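Written out below as structure tokens is the structure these notes cover.
The values are calculated or read from the model by the stated rules, or taken from the named source; none is laboratory data. What you see is a predicted model, and the numbers here were worked out from it, not measured in a lab. Cβ: placed from backbone, ideal geometry, glycine included. Neighbour counts: every protein chain shown. Accessible surface is based on the protein model in full, side chains and every heavy atom, while ligands, DNA and RNA are left aside. Shrake-Rupley method; radii C 1.70, N 1.55, O 1.52, S 1.80 Å.
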Amino acid sequence: MSFETDTALDDLITVRDWLRFAVSRFHDANLAFGHGTSSALDEAAFLILKTLSLPIDTLEPWLDARLTQIERSRVLSVIEKRVTTRRPAPYIVGEAWIGPYRFFVDERVIVPRSYIGEFLCRDVSLLVDEPGAVQRILDLCTGSGCLAILAAMAFPNATVDGVDLSQDALQVAQRNVRDYGLEGDIRLLQSDLFSELKDERYDLIIANPPYVTDEAISKFPPEFSAEPEMAHAGGSDGLSLVRPILEQASGFLNDSGVMIVEVGETEGRLEAAYPDLPFFWLDSENSEGEVFSLRAQDLKRMT
């Protein structure tokens, strides 16, 4: 330990003290955020509250709480781990959140952070006209299984297939499905997009595929480079997986089915590549032009 961190154990007493210290450390280290938090303050609060086994959405009541010597050592350790390793905070503590829902994560999966998740946590009538009629759902590129789990809870009449090419990711997804007791509602399959689905048909397809360009990946800060590259890699224009999804999806949707896809900041390139598709963009509280909806009948134009 450095002299600075050594003396922190004696000088920093309350949660407020440690929060200030962590924010300063994170700014000095020029950390990058975006894995469930967007600032040094939010990240520091998340790590400190999690380390102290306190509710992560409630900071104010604890600010003047005094920490024991053991608690200070634990908090210092997690702050220094974040600074020295540059790993995303969810990897350090082994969990990530979408709304009120917790998911286990490690380096086998991208850290969950999907705008589709926002819709699934709020009002699914924004996604489909008749939520009660949805009986079969496909989650492409399921990763940690977070969207498959949220979909199973948002559409209680439906069964969900979660698909991913990565066997490592599917192992993490299986743990999350088990944690939520949804083994009877969610089936996990290893598949390169639709390749292993054969004659399956769905009322709703959701997908958060890789969509980051090669150039952007080459400029990643360490926090984003820590995630599996295949979970980001969208090729030279970010559309290398979006294209086959668009071109094959109609064969797996029921006639009244809907597909929802998150594509990051590729809206302009996507509309230029497919000028005849009537993309309907779903804006959330935190995004604009990053999630589109298409109906089965629209996708038939691709065939």
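Descriptive notes on the structure:
- Packing-based ranking, highest mean first, of 195-205, 140-150 given that Cβ atoms within 10 Å are counted: 140-150, 195-205
- The convex hull of the Cα atoms of the stretch 1-102, projected and averaged over all directions, covers 6.0 nm².
- Cα convex hull volume per residue for the stretch 116-157 (Å³): 63
- Rolling a 1.4 Å probe over the heavy atoms of the protein chains gives the stretch 211-303 an accessible area of 48 Å² per residue.
- Of all the options 131, 112, 55, the one that moves most in a Gaussian network model of the chain with Cα springs shorter than 10 angstrom is 55.
- The stretch 102-122 and the stretch 137-155 have Cα centres spaced 9 Å apart.
- 5 Å-binned pair-distance histogram of the stretch 133-201 (Cα, whole percent): 4, 20, 32, 24, 15, 4, 0
- Set of lysines near residue 300 by C-alpha distance (under 30 Å), chain-local residues within fewer than 8 positions excluded: 198
- Cα convex hull of the stretch 229-303 - mean projected area over all directions, nm²: 5.4
- Ordering 245-255, 7-17 by mean Cβ neighbour count within 10 Å, with the highest value first, yields 245-255, 7-17.
- Acute angle (nearest 10 degrees) that the helix 69-85 long axis makes with the longest principal axis of the chain, alpha-carbon atoms: 50
- Compared with the rule-of-thumb size 2.2 N^0.38 Å for a compact globular protein, the stretch 81-195 has a Cα radius of gyration ratio of 1.07.
- Solvent-accessible area, 1.4 Å probe, carbon plus sulfur percent, for the stretch 109-249: 46
- By accessible area, using a 1.4 Å probe on protein heavy atoms only, the stretch 254-303 has 41% of its surface on carbon and sulfur.
- Relative counts (whole %) of C-alpha pair distances in the stretch 164-240, using bins that are 10 Å wide: 15, 38, 34, 13, 0
- The stretch 85-203, accessible area per residue, ligands and nucleic acids excluded (1.4 Å, Å²): 41
- Rg/Rh for the stretch 166-303, where both radii come from Cα atoms and Rh is the Kirkwood radius: 0.97
- Think of it as helices only: each DSSP H run of n ≥ 4 in the chain is worth -39500 (n - 2.57), and spread over all residues that comes to -10500 deg cm²/dmol at 222 nm.
- All-pairs alpha carbon distance profile, the stretch 72-116, 5 Å steps from 0, percent: 5, 21, 26, 21, 16, 9, 2, 0
- Theoretical FRET efficiency, 1/(1+(r/R0)^6), r = Cβ-Cβ of residue 83 and residue 179, R0 25 Å, to 0.05: 0.25
- In the chain, the C-alpha radius of gyration followed by the widest Cα-Cα span (Dmax) gives 21.0, 68 angstrom.
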